[in-house]
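J.: For reference, the structure I am asking about is given below.
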Amino acid sequence: MVNGINLALQFLDSFAFIVLAAAGLAIIFGIMGVINLAHGEFILIGAYTATLAVTQLGLPLVVAMLVGGLVTGLFGILTERVIISGAWPNYISQRTLGRDVIEPLYNRLADSMVATFGLSLILTQGARIRFGNSIDQIATPFGAISYGEFSYSTYRIVLAGVSIGLLVATYYLFTRTEFGMRARATIQDKETAQAMGVNTDRMYMLTFGIGSALAGLTGALFAPVISMQPTLGDQFLVEAFVAVVVGGPSVVLGTALSGGVLGAILATFSNLYGTFIGRIALLVAALIALRFLPDGITGFIEQLRKRRQESE
Amino acid sequence: MSTNSANGETNRSLASRLRSRFEGPNTIGDSRGFWIGFVVAVAALAVYPVFGDGSQLSLFMVLALLGLSLSVVWGYSGVLSFGQVVFFGIGAYTFGVVSINFATPGGITAAVVAGVVGGGVSAAILGYFMFYGGVRDVYVTIITLVSTIVLQTFMAQTAGSEWAIGEAALGGFNGMPDIPLLTLGVEGASYQFIYNPFPMRIIGIGAVEISPFYYLVLALLVGAYLGLRVLVNSDYGRVMVAVREDEDRTEMFGYNVTRVKFVVFTLGGALAGLSGVLYAARNVYIDPTVFSLLFATLPVIWVSIGGRKSLLGAVVATLAVEYLRISMAGELALVLLGTLLLVTILVLPSGFVPWVHEQVVKARLGSGEAGGADAPDASSEVSD
């Protein structure tokens, strides 16, 4: 039998993978209107940092993973200041040329994609030049659980738990804290938020940093289970994009729901017909979802809610 | 063609009327000086193989067709397709499959047509699903990007013997070798274009061997460039640009925006398919790297650097970037390419060629020579 436990575990695995891959991308896209094509490379930075922290510095795994997230977050803030908002180059050019040289990439979707792709090329190739085609890997912790004739890596189950924990934390951060309120005010109406005294510039910088830190943490978490090569970010890209597209405008809820739906599809089709068909099914699901729910799952929910309010 | 603007007063009206089809607010370079430069540039490309390595330049020109196809779709209609290589690759594979199965001159000619149609039809299918499904903006980009990755995954796993179409094995990672040499015509009256140099005697230089494939590609590139210039400066081209600038407003004026995007996307797919056919024919080989993420983004890089709203920019930047990329085949090539892309987008968002054009126009206005029939006012305004 293609047994239930197997399928359930695979679902958890796919869910964790999709949610973790998408979370950082979804936050940056949902709040800033920037598509970060270097998302995969941010994951790469997190994975490499964590791995090197363990193998070179001998840090404990959990600490190394947090370091991976932190370093990527700082790198994200640097990226935002230099490339996305151009604040630092413009600061310099204001003083030397007397004008801005960079127009911020906010809400310039196509341009933000192309620019961050340039960054992604630099990072991938930079990693290859600096570290070669692969680096030493850290072992998968926790061993495996076995049931009947099957066994399953415990670590992957832990990953699923962590992914849910991260979702909850992100949800809390954006809905229950002062920071979250300001960030959401910035998305809804930048000018009004500014008038109310929100430093939107700083919000953008911090949001980009948080999105990047999540990407880095994803990389760090998956570092023990994927092969450490400069192109490892590519593996996350498809799932991340599809999840963001299917999820729709509400960042956390959208990511969770699309992670659930797509995770189920991916797990079922991969289990029955192999990884390749699983990926194809994912794309087809995304196409169908976009065909009927152009604003994603959460856009559809929002529409339903409005309709109900009107009919009452 | 109609480029001989220096014909003098006698048939000026005819020449200028012909020329006006190629000119308009949507392309840069309407002056007599531009057309003289254009003829000089084409002539330079035509004599280049006598002195330099034409085989490499022919590859760049094949890729320039791919760049042109993205320029029309993205630069003129505002649909950023990260998947032009999908149609490029499908064109190439279709050409390979058909020509291996029908390796006669007529069959190979049909394979060329099949490749172009394959590129166009696959673009039409994807485009129909996207545009008539209400998929817009960045989601189109994401779907085309994902299609590329899925096709790469798919083609890479076609290694087994069950993955063969007739005589042609798809070959997985190893690709499809033994594609027949490009031949056009029918049995009895055909011409084989590759590895078939014909010797020529040029006065002052002596005997040289000329590659017919090079001239085929050059002719197609010049033809595609001029044809697209006519298209984007026609009424339809104006609607395309209107769609790019403001979809909703164009819709309000009564234009069928969805159909415009669909038609342009299909046309772009066919052109990318042609480019793929020539690519496969030139290399007599095709493999799944044409669907890789890196290859998929190259057209976006060319078109961004050259200036996406400029056909000339797409061609010039493809030739220049590919030349740079090949000539510094070291480890740093990609880093430099990424930096170039990043800096271009941030500092010169409209691209190099429009920027150069602007400088030329400014210089000319500054020296007080502007005016007359060649006044370049409208072009500099709109190409921004």
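The values are calculated or read from the model by the stated rules, or taken from the named source; none is laboratory data. Please read these numbers as outputs of a predicted model, since none were measured by experiment. Cβ atoms come from the backbone with ideal geometry, glycine included; neighbour counts cover every protein chain shown.
J.: Restricting attention to the stretch A:79-86, does a residue exist that is surrounded by 24 or more Cβ atoms within 10 Å (Cβ to Cβ), in contact (Cβ under 8 Å) with a residue 40 or more places away in the chain and under 21 Å from the mean Cα position of the chain (by Cα)?
T.: yes
J.: Report, by residue number, each residue of the stretch A:193-204 that is surrounded by 12 or more Cβ atoms within 10 Å (Cβ to Cβ) and in a helix (DSSP H, G or I).
T.: Answer for the stretch A:193-204, where residues must be surrounded by 12 or more Cβ atoms within 10 Å (Cβ to Cβ) and in a helix (DSSP H, G or I): A:193, A:194, A:200, A:201, A:203, A:204.
For every residue, the table says whether it meets (1) β-branched (Val, Ile, Thr); (2) within 14 Å of chain B (Cβ to nearest Cβ); (3) out of contact with any strand residue (DSSP E or B) (no Cβ under 7 Å at 6 or more places or on another chain).
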site: A:69; (1), (2), (3): no, no, yes
site: A:77; (1), (2), (3): yes, no, yes
site: A:93; (1), (2), (3): no, yes, yes
site: A:127; (1), (2), (3): no, yes, yes
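Conditions tested, residue by residue: (1) part of a helix (DSSP H, G or I); (2) in contact with a His (Cβ under 8 Å, 6 or more places away or on another chain); (3) away from chain B (no Cβ under 14 Å).
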{"site": "A:191", "(1), (2), (3)": "yes, no, yes"}
{"site": "A:207", "(1), (2), (3)": "yes, no, yes"}
{"site": "A:213", "(1), (2), (3)": "yes, no, yes"}
{"site": "A:227", "(1), (2), (3)": "no, no, yes"}
{"site": "A:236", "(1), (2), (3)": "yes, yes, no"}
{"site": "A:239", "(1), (2), (3)": "yes, no, no"}
{"site": "A:244", "(1), (2), (3)": "yes, no, no"}
{"site": "A:249", "(1), (2), (3)": "no, no, no"}
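J.: Here is a follow-up. Just checking, how many residues over the stretch B:129-153 are out of contact with any Ser or Thr (no Cβ under 7 Å at 6 or more places or on another chain), surrounded by fewer than 20 Cβ atoms within 10 Å (Cβ to Cβ) and more than 7 Å from every other protein chain (Cβ to nearest Cβ)?
T.: Going through the stretch B:129-153 one residue at a time, the tally reaches 1.
J.: Given the conditions (1) assigned to a helix (DSSP H, G or I); (2) in contact (Cβ under 8 Å) with a residue 60 or more places away in the chain; (3) surrounded by fewer than 17 Cβ atoms within 10 Å (Cβ to Cβ), which single one is not true for residue B:243?
T.: (3)
J.: If I ask for residues that are more than 30 Å from residue B:201 (Cβ to Cβ) and in a helix (DSSP H, G or I), which ones from the stretch B:17-56 would you list?
T.: Of everything in the stretch B:17-56, those that are more than 30 Å from residue B:201 (Cβ to Cβ) and in a helix (DSSP H, G or I) turn out to be B:17, B:18, B:19, B:20, B:32, B:33, B:34, B:35.
J.: If only one of A:293, A:272, A:257, A:253 is hydrophobic (A, V, I, L, M, F, W, C) and buried (at least 19 other Cβ atoms within 10 Å of the Cβ), which one is it?
T.: Of the residues listed, the single one that is hydrophobic (A, V, I, L, M, F, W, C) and buried (at least 19 other Cβ atoms within 10 Å of the Cβ) is A:257.
J.: Of the conditions (1) over 24 Å from residue A:257 (Cα atoms); (2) at pLDDT 90 or above, residue A:60 clears all except one; give me its number.
T.: (2)
J.: Additional query: Do we find a residue being touching a Phe, Trp or Tyr at 6+ places or on another chain (Cβ under 6 Å), among the hydroxyl-bearing types (Ser, Thr, Tyr), away from every other protein chain (no Cβ under 14 Å) and touching a residue at least 24 places away in the same chain (Cβ under 8 Å) anywhere in the stretch A:166-176?
T.: Looking for residues that are touching a Phe, Trp or Tyr at 6+ places or on another chain (Cβ under 6 Å), among the hydroxyl-bearing types (Ser, Thr, Tyr), away from every other protein chain (no Cβ under 14 Å) and touching a residue at least 24 places away in the same chain (Cβ under 8 Å), one finds none in the stretch A:166-176, hence no.
J.: Continuing with the same structure: Please go through the stretch B:315-370 and pick out each residue that is assigned to a helix (DSSP H, G or I), free of Cβ contacts under 8 Å to residues at least 12 places away in the same chain and farther than 17 Å from residue B:304 by Cα.
T.: B:327, B:333, B:359, B:360, B:362, B:363, B:365, B:366
J.: Which residue pairs have Cβ atoms under 6 Å apart, sit 6 or more places apart or on different chains, and have a first residue in the stretch A:286-305 that is farther than 17 Å from residue B:140 by Cβ and a second that is charged (D, E, K, R)?
T.: That search, which allows pairs on different chains as well, returns nothing.
J.: To continue, here is another question. Do we have residue B:282 as of a type in the set (Lys, Arg), within 28 Å of residue B:93 (Cβ to Cβ) and either in contact with a helix residue (DSSP H, G or I) (Cβ under 8 Å, 6 or more places away or on another chain) or assigned to a helix (DSSP H, G or I) (or both) here?
T.: Considered against the rule, which asks whether it is of a type in the set (Lys, Arg), within 28 Å of residue B:93 (Cβ to Cβ) and either in contact with a helix residue (DSSP H, G or I) (Cβ under 8 Å, 6 or more places away or on another chain) or assigned to a helix (DSSP H, G or I) (or both), residue B:282 comes out as yes.
J.: A further question on this structure: Tell me, which residue of the stretch A:95-112 that is under 13 Å from residue A:32 (Cα atoms) and surrounded by 15 or more Cβ atoms within 10 Å (Cβ to Cβ) is modelled with the highest pLDDT?
T.: A:112
J.: Taking the options A:145, A:135, name whichever one is more than 14 Å from chain B (Cβ to nearest Cβ) and in contact (Cβ under 8 Å) with a residue 24 or more places away in the chain.
T.: Result of the check over A:145, A:135: A:135.
J.: Can you confirm whether the stretch A:103-121 contains a residue that is within 14 Å of another protein chain (Cβ to nearest Cβ), of a type in the set (Ser, Thr, Tyr), in contact with a Pro (Cβ under 6 Å, 6 or more places away or on another chain) and within 30 Å of residue B:78 (Cβ to Cβ)?
T.: no
J.: Right, next: It is to be established whether one or more residues within the stretch B:94-117 are more than 10 Å from chain A (Cβ to nearest Cβ), buried (at least 24 other Cβ atoms within 10 Å of the Cβ) and within 27 Å of residue A:241 (Cα to Cα).
T.: no
J.: While we're on this one: Is there a residue being out of contact with any Asp or Glu (no Cβ under 7 Å at 6 or more places or on another chain), in a helix (DSSP H, G or I), away from chain A (no Cβ under 14 Å) and closer than 25 Å to residue B:268 by Cβ anywhere in the stretch B:195-213?
T.: Checked against the condition, which is being out of contact with any Asp or Glu (no Cβ under 7 Å at 6 or more places or on another chain), in a helix (DSSP H, G or I), away from chain A (no Cβ under 14 Å) and closer than 25 Å to residue B:268 by Cβ, the stretch B:195-213 yields at least one hit.
J.: Something else about it: Would you say residue A:112 is assigned to a helix (DSSP H, G or I), in contact with a Phe, Trp or Tyr (Cβ under 9 Å, 6 or more places away or on another chain) and under 19 Å from residue B:339 (Cβ atoms)?
T.: Judged against the criteria, residue A:112 is a match.
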